[in-house]
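To start, the structure under review is shown below, and the notes come after it.
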Amino acid sequence: MIAAIVIAAALLLAAGATLAYLVASGRRVVRPGSPHVLDITALPGAVSLPASDATRAEGRYGLWYETPAGEAHALLGRVLDEEGGTVTRRVEAGGASLDAARRGRFTGHVFPDPGAASTAPWTQVEIAAPSGPCPAWVSAPPGASGEAWAIHIHGFGTTRVTALRTLPAASSAGLISLIPSFRGDGEGPPVPGGVSMLGQSEWADLEAAVEYAAGRGARRIILVGWSMGAAAAFHLVERSAHRELFAGLLLVAPVVDWRALIVAGARRAGLPAAAGRLTAWGLQRRLVDRMIGLPGRIDFAAARRAVESAARQLPILILHAERDPLVPFAASAELAARHPETVRLVPFDGVEHAWEYNQHPEAFDAAIAEWVAALER
């Protein structure tokens, strides 16, 4: 009897520990982390930051920092010097009141608004989405027919500025660009607990963006998905009432396999792959999802079906860095291998997630231009 009680107690403790792990690790997947803030020092025409693989990387980057008037942006260019554990980069644009800033966020956000990304006229509009009003930018290059649009969908834990890096190529191709916000991204309607359904509910707000474009003459729409934005685009292709308008998918560092991403995250944290597989399993259990605060159940099988369905229907261009530390490149390569007739994969070299444009803007834009031209033939 005593042995049975001990065994039962041990099993209960193990079950409790497992549930606690599933809730804690699941939250890390569906809730955005805190922004990584660095100590910075302004210099004449430059800024000094702590040295790392990210801050010393070749290319152009954004620096967000606080000023008395609010958050400001500086465009950082080439590395000028590295010494004593710091990197000094040239300030190419922006930088108002930077000399008074002491802390900042080093990001891939090259452009703070559409006007910095393209000479095309732009405006802010409001899209009536199921979750509530969603601010969006519309950028229309002169001479655009009005029938060909690109809808740029940003990723998880960020805002519309992330997706502006595909705006220059879209404008050059004569596409009207719509860059919407959506629920839970800090600009669209808030969601309880700040949790994300990983594209499974966010797609409905993007359907409203499609309806906005269709109501203004769009007859051919390219969906441009960044990271988790790609996952939302796959759901949109499968469920949209306007799917006949979709001409193709342009995906940057896309999430095409959530299980692979979660396993990679566990390994990056020094945990075995089995821990990541357990987290993925837990996120598909109603009890765990309720404890995390999700409004519904995560369904990775449905996400996988949406990916395969889209790859069978539409031309897809994937731009993805082989060394992406967050979203596995291998998943993109496997998708391209399974669907060589529709999926084109262009690999990049890069040190951070979704920095393909930052490090190789000419190759990035050229790949898009070639693919869009092929769609029109």
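Please go through the stretch 288-303 and give me each residue that is hydrophobic (A, V, I, L, M, F, W, C) and either touching a helix residue (DSSP H, G or I) at 6+ places or on another chain (Cβ under 7 Å) or within 18 Å of Arg31 (Cβ to Cβ) (or both), ordered by number.
Of everything in the stretch 288-303, those that are hydrophobic (A, V, I, L, M, F, W, C) and either touching a helix residue (DSSP H, G or I) at 6+ places or on another chain (Cβ under 7 Å) or within 18 Å of Arg31 (Cβ to Cβ) (or both) turn out to be Val288, Met291, Ile292, Leu294, Ile298, Phe300, Ala303.
Between Ala213, Ala209, which is within 30 Å of Ser139 (Cα to Cα), crowded, with 20+ Cβ neighbours inside 10 Å and more than 18 Å from the chain's Cα centre (by Cα)?
The match here is Ala213.
Just to verify a result, which residue in the stretch 179-206, among those that are closer than 23 Å to Ala247 by Cα and of a type outside the set (Gly, Ala, Ser), is surrounded by the fewest Cβ atoms within 10 Å (Cβ to Cβ)?
Gln200
I'd like to know if the stretch 106-119 contains one or more residues that are touching a Phe, Trp or Tyr at 6+ places or on another chain (Cβ under 8 Å), closer than 21 Å to Gly70 by Cβ, at pLDDT 95 or above and among the aromatic types (Phe, Trp, Tyr).
Checked against the condition, which is being touching a Phe, Trp or Tyr at 6+ places or on another chain (Cβ under 8 Å), closer than 21 Å to Gly70 by Cβ, at pLDDT 95 or above and among the aromatic types (Phe, Trp, Tyr), the stretch 106-119 yields at least one hit.
Quickly run through the stretch 44-65 and pick out the residues that are over 19 Å from Gln359 (Cα atoms) and surrounded by fewer than 16 Cβ atoms within 10 Å (Cβ to Cβ).
Pro44, Gly45, Pro50
Sort out which residues of the stretch 131-161 are touching a residue at least 40 places away in the same chain (Cβ under 8 Å), closer than 19 Å to Ile222 by Cβ and not in a loop (DSSP other than H, G, I, E, B), and write them in order of number.
Ala136, Trp137, Val138, Ser139, Ala148, Trp149, Ala150, Ile151, His152, Ile153
May I ask you to say which residue of Ala214, Ala233 is under 22 Å from Arg338 (Cβ atoms), modelled with pLDDT of 95 or more and in contact with a helix residue (DSSP H, G or I) (Cβ under 9 Å, 6 or more places away or on another chain)?
None of the other options fit; the residue is Ala233.
Out of (1) closer than 25 Å to Thr55 by Cα; (2) hydrophobic (A, V, I, L, M, F, W, C); (3) assigned by TED's automatic domain parsing to the domain that holds Ser172, the odd one out for Ala93 is which?
That leaves (3) as the condition not met.
Name the single residue, out of those in the stretch 320-373 being of a type in the set (A, V, I, L, M) and without any contact (Cβ under 8 Å) to a residue 40 or more places away in the chain, that is surrounded by the most Cβ atoms within 10 Å (Cβ to Cβ).
Here the residue is Val343.
The values are calculated or read from the model by the stated rules, or taken from the named source; none is laboratory data. Worth saying up front: this structure is predicted, and the values here are computed from it rather than measured. Cβ: placed from backbone, ideal geometry, glycine included. Neighbour counts: every protein chain shown.
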